[in-house]
Amino acid sequence: MTSSALDVLAIGNAIVDVLSRAEEDVLARHAMVKGGMALIDETRAEEVYAAMGPGTEASGGSAANTAAGIASLGGRAGFVGRVKADTLGTVFGHDIRAAGVAYATAAAADGPATARCLILVTPDGERTMNTYLGAAQHLTIADIHAGEVESAAITYLEGYLWDPPPAKEAFLAAARIAHGAGRKVALTLSDAFCVDRYRGEFLELIRAGTVDLVFCNEGELKSLYETADFDAALVALRGDAKEAVVTRSEKGASFVTSGAVVSVPAHPVAKVVDTTGAGDLFAAGFLAGYTRALDPATALRLGALAAGEIIGQMGARPQRPLIDLAREAGLL
Ligand code: ADP
């Protein structure tokens, strides 16, 4: 195996996040499930956008957030995801490159508009997401460049992009290329409802070894094994996955294999301002440590540090370089 040019190549939905604060009653009036992620069409996107107060627009998307977090930790990250050649597409491309992530996916000349995620943050810091996927769903195998995948130590796939069949094919092609080059493949389960839609396929990917490293939170893990019993679900995951990282909000996170469980507490957070991106940034911190061959406990601590930083601010992109925080904490 040759040395890698990228630590992580993340593949997922290229989304512009539109973020604003909202009172609880706005969620109720628009029939939103608090804390969830609902897929919406363009009409509903316009309706929700109109109901939102002033906010910010920046590049987002789960895997893209992870790539940006890795770059902020001094890692070498790339991103593959599709936008349209429209205004939001330009915002996305500029933003992600400015975050230090290599991004070369061609923008679509026609078809649906660039994806956007309308995020309402309630006073308790919880985020509720409404996502119009538009152009992001049209990722195909043609967007996967073998040389780029081969050059990455880890190819990181976002479960949210398992809906459209051509994107699924693109994922499977990327996984084959990565494994052919002796690299690893990671998958984030993304969302409990997403797991509900693809439970059988995700389990198959994990059990067949198409995925080497799984990322999930407690809700996704329980959904994967259709149980309310966390411990039972963890035992099942350890039987199926080669390696996995399970996050548990304020209860911290664990790295598990069939033979070992390593756990760390959550990083202390003075005030939870906005939980958008907690899981994404946890994955970033963990992967930044993992690809530097740090021990699992240190990699988990980097994850907790990055996640703790992101939930203490608005938005899913760190406002301070995470590498500085990691150095201050003696983790890098
Ligand atoms: P997701 O964003 O995928 O729902 P979690 O809620 O499990 O993921 O959070 C991921 C990580 O973010 C946790 O492991 C922890 O490090 C951090 N985190 C999340 N919520 C809190 C919290 N309330 N206090 C401290 N840390 C938290």
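The values are calculated or read from the model by the stated rules, or taken from the named source; none is laboratory data. Treat the numbers as computed from the prediction; the structure is a model and nothing was measured. When we count neighbours, we look across all protein chains shown, and the Cβ atoms used for this are built from the backbone with ideal geometry, even at glycine. Just so you know, the surface numbers come from the protein's heavy atoms only, side chains and all, with ligands and any DNA or RNA stripped out. Shrake-Rupley method; radii C 1.70, N 1.55, O 1.52, S 1.80 Å.
Among all the lysines, which ones have a C-alpha under 19 Å from K168's C-alpha, if same-chain residues fewer than 8 places away are not counted?
K184
Place the peptides 240-250, 69-79, 201-211, 223-233 in order of packing, highest mean first, counting for every residue the other Cβ atoms within 10 Å and averaging per peptide.
My ranking of the peptides, most packed first, is 69-79, 240-250, 201-211, 223-233.
Hey, can you find the accessible area per residue of the chain for me, probe 1.4 Å, expressed in square angstrom?
Spelled out: the 1.4 Å probe surface of the chain, per residue, equals 40 Å².
Could you grab the relative contact order for the chain? Cα pairs under 8 Å, six or more apart, rounded to a whole percent.
Once normalised by length, the contact order is 18 percent.
Which of rounded, prolate, oblate describes the chain, given a ≥ b ≥ c as roots of the alpha-carbon gyration tensor eigenvalues and a/c under 1.5 marking rounded, otherwise prolate only if a/b is larger than b/c?
rounded
Taking 0.36 nm per residue of sequence separation and subtracting the Cα-Cα distance, how much length would be gained by fully extending the chain between D163 and T90, in nm to one decimal?
23.8 nm
With the crude spin-label approximation of a point 7 Å out along Cα→Cβ, what separation in nm comes out for A98 versus D324?
Result: 1.8 nm between the two label points.
Using just the helices of the chain, give the 222 nm mean residue ellipticity in deg cm²/dmol: DSSP H runs with n ≥ 4 each add -39,500 (n - 2.57), and the total is spread over all residues, rounded to 500.
Rounded to the nearest 500, it is -12000 deg cm²/dmol.
Could you check how much of the accessible area of the chain is carbon and sulfur, as a whole percent, using a 1.4 Å probe?
That share works out to 54 percent.
Per residue of the range 22-30, what does 6.51 cos²θ - 1.76 cosθ + 1.60 with θ = phi - 60° give for ³J(HN,Hα)? Whole Hz please, x for Gly and Pro, Karplus curve as stated.
8, 7, 3, 5, 5, 4, 4, 4, 9
Assign unit charges at the C-beta atoms only (+1 for Lys and Arg, -1 for Asp and Glu), then state the dipole size of the chain relative to its Cα centre in Debye, rounded to the nearest 20.
Dipole of the chain, to the nearest 20 debye: 740 debye.
Mind checking which lysines have their C-alpha under 24 Å from K251, skipping anything on the same chain fewer than 8 residues away?
Filter leaves K34, K222, K242, K271.
Just subtract the alpha-carbon distance of L203 and R176 from 0.36 nm times their residue separation and send over the number in nm, one decimal.
Extra length available between L203 and R176 comes to 8.0 nm.
Quick one: dipole size for the range 28-83, taken about the Cα centre, charges +1 on Lys/Arg Cβ and -1 on Asp/Glu Cβ, in debye to the nearest 20.
The dipole magnitude comes to about 260 debye.
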